[in-house]
Amino acid sequence: MAQFNYKAIDKNGKAKKGTVDAADRAKAQEKLRTEGLSVTELKDAGEGGRGFTLKKSVKSRELSIVCKQMVSILNAGVTVITALEMLSEQMDNKILREALVESKAYVEKGGSLSDSFRLNPDIFPPIMINMVAAGEASGSMEISFERLAQHFEKDDALKGKIKGALTYPIMVLIVAVLVIIVVMVAVIPNFVTMFDEMGTALPLPTRIMMAGSDLVLHKWWLLLIILFAVIVGVKAFLASPTGEMMFAKASINAPIFSNLVIKSNSARFARTLSTLMAAGIPMLDAIEQVAKMMSNKIFRDGLMETKNQVAKGLPLSKPLKDMDVFPTMLVQMVKIGEETGNIEDMMDKLADLYEREVDLATESLTQAMEPLTMVVMACIVGMIVAAVYGPILSMYDGIDNI
């Protein structure tokens, strides 16, 4: 008998956590379900003392492929159990394959497909679990998987655009760092002896480069320790509430990146809300799921407060306007959707609109970063030239004055 730590939601919507004894994960899940609990997280009790575990995850593109294949298989009249078996056998991603095998075993024992996905919340996101549950309740799982396929496909495209916009400046930064390291390791040491024989005071840029060269050549281990400490410290700070909020504010207010951040979050909000509401998910639950998908803390906290305000009877457009982060057009379109009673279609149109806006914002960001990166590279080259050739020019001036 093994022990499993769990987190779950009871019939009253309250969060619970604790430990359950069972032969395996599937039995533990089944035992908790009979107690009226909806499990959100379930893991071996021994995992808690390891201190560090890798978070399992899959890409949106892979989830989109799974959903598309589920649509085709289910439309052919194949049972869910056979569909899961077929998908697991042809799945290249080991993590996703094991999750599908686990889901198949759970469904074979009488569990629902949505509950089987809850066994692996790091792999199957809440939107997938909830939409599959809605499809099971309405008897239209094919439609739910079709909408999920479109959602994940759009989400993957959106992430790709953002990554593409950041690739160029990151590559330039890496090249700049490599150039500096090569100069310090291969160029500066050749000038050290000559500079010492000159017997004159060296310019500050030269002294800085010589000290840096000595550090890279003889104390590289110290640099690695400092780099590791900085990375760990920054990640820990960004994971804290204060650091997360500071980063969220900086990304929204940054002159170059703010437009892309706002437009991409607007597109994700509209697309996800449209997908959930079209599947029959209640608005309050849909807003909560959208909020949990937001990586920016300002958007996430603002949408959770929006859910609370809507629960009190306010229209969705009012708290969205009060957030003061979404574009005015989005708020106005939401208000029109509320007045016409067709908010799902309005959200879908908004998603298409802001996904096109993300394309334009990505192009603008790339164009803005090109001259900026050129300036940075020019400064680095200028610093290297001043450090290396400054003493030589000073030596030549001394010879001319003799």
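Throughout, read-outs are computed from the coordinates displayed, never taken from laboratory work. No experiment lies behind these values; they were computed from the predicted model shown. Cβ atoms come from the backbone with ideal geometry, glycine included; neighbour counts cover every protein chain shown.
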Checklist entry - Rounded to the nearest 20 Debye, what is the dipole magnitude of the range 221-332 about its Cα centre when Lys and Arg each give +1 and Asp and Glu each give -1 at the C-beta? => result 140 debye
Checklist entry - Hey, rough spin-label estimate for Leu284 and Lys235, points 7 angstrom out along Cα→Cβ, what's it come to in nanometres? => result 3.8 nm
Checklist outcome for this item: The extension gain from Thr167 to Lys349, computed as 0.36 nm times the residue separation minus the Cα-Cα distance, is 62.6 nm
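Relative to the Cα centre, what is the charge dipole magnitude of the chain, using +1 at the beta carbon of each Lys and Arg, -1 at the beta carbon of each Asp and Glu, and rounding to the nearest 20 debye?
With Lys and Arg at +1 and Asp and Glu at -1, about 940 debye.
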Checklist outcome for this item: Cα-only Rg/Rh for the chain with Kirkwood Rh rounds to 1.11
Item to check | Positive-end extreme of charge dipole, the chain - chosen from Asn265, Met209, Asn308 (charges on Cβ) | outcome: Asn308
Checklist outcome for this item: Excluding residues fewer than 8 positions from Lys94 in its own chain, the lysines with Cα under 18 Å of it are Lys55, Lys56, Lys59, Lys104
Checklist outcome for this item: Here the longest stretch of the chain that holds no trypsin sites (Lys or Arg not before Pro) in a DSSP loop having at most 16 other beta carbon atoms within 10 Å is 110-218
Next on the checklist: If I fit a long axis through the Cα atoms of helix 25-34 and take the longest principal axis of the Cα atoms of the chain, what angle between them do I get, 0 to 90°, rounded to 10?
Outcome noted: 50 degrees
Item to check | Distance between modelled label sites at Glu41 and Met86, nm, 7 Å Cα→Cβ extension | outcome: 3.6 nm
Item to check | Phi to ³J(HN,Hα) by Karplus 6.51 cos²θ - 1.76 cosθ + 1.60 over the range 224-237, Hz, x for Gly, Pro | outcome: 5, 5, 5, 4, 5, 5, 5, 4, 5, x, 5, 5, 5, 5
Checklist outcome for this item: Taking the dipole of the chain about the Cα centre (Lys, Arg +1; Asp, Glu -1; charges at Cβ), the one of Val232, Met347, Ala105 that reaches farthest to the positive side is Ala105
Checklist outcome for this item: Sorting Ser116, Val80, Gln332 by the position of each Cα along the dipole of the chain (Lys, Arg +1; Asp, Glu -1; all at Cβ), the one nearest the positive end of that ordering is Ser116
Checklist entry - Could you name the aspartates and glutamates in cross-link range of Lys292, using Cα to Cα under 17 Å and dropping any fewer than eight places away on the same chain? => result Glu41, Asp122, Asp155, Glu244, Asp301, Glu305
Next on the checklist: Using Cα-Cα distances under 8 Å and only pairs 6 or more residues apart, what relative contact order does the chain have, in percent?
Outcome noted: 14 percent
Item to check | Spatially proximal lysines relative to Lys17 (Cα-Cα < 16 Å; intrachain offsets below 8 disregarded) | outcome: Lys7, Lys31, Lys43
Checklist outcome for this item: From the Cα centre of the range 100-128 to that of the range 278-326, the distance in Å is 27 Å
Checklist entry - Along the Cα-to-Cβ line of Asn190, 7 Å from the Cα, sits a label point; which residues in the range 214-249 have backbone N less than 13 Å from it? => result none
Checklist entry - Using a Förster distance of 25 Å, how high is the FRET efficiency between Arg207 and Ile174, based on the Cβ-Cβ distance and rounded to 0.05? => result 0.40
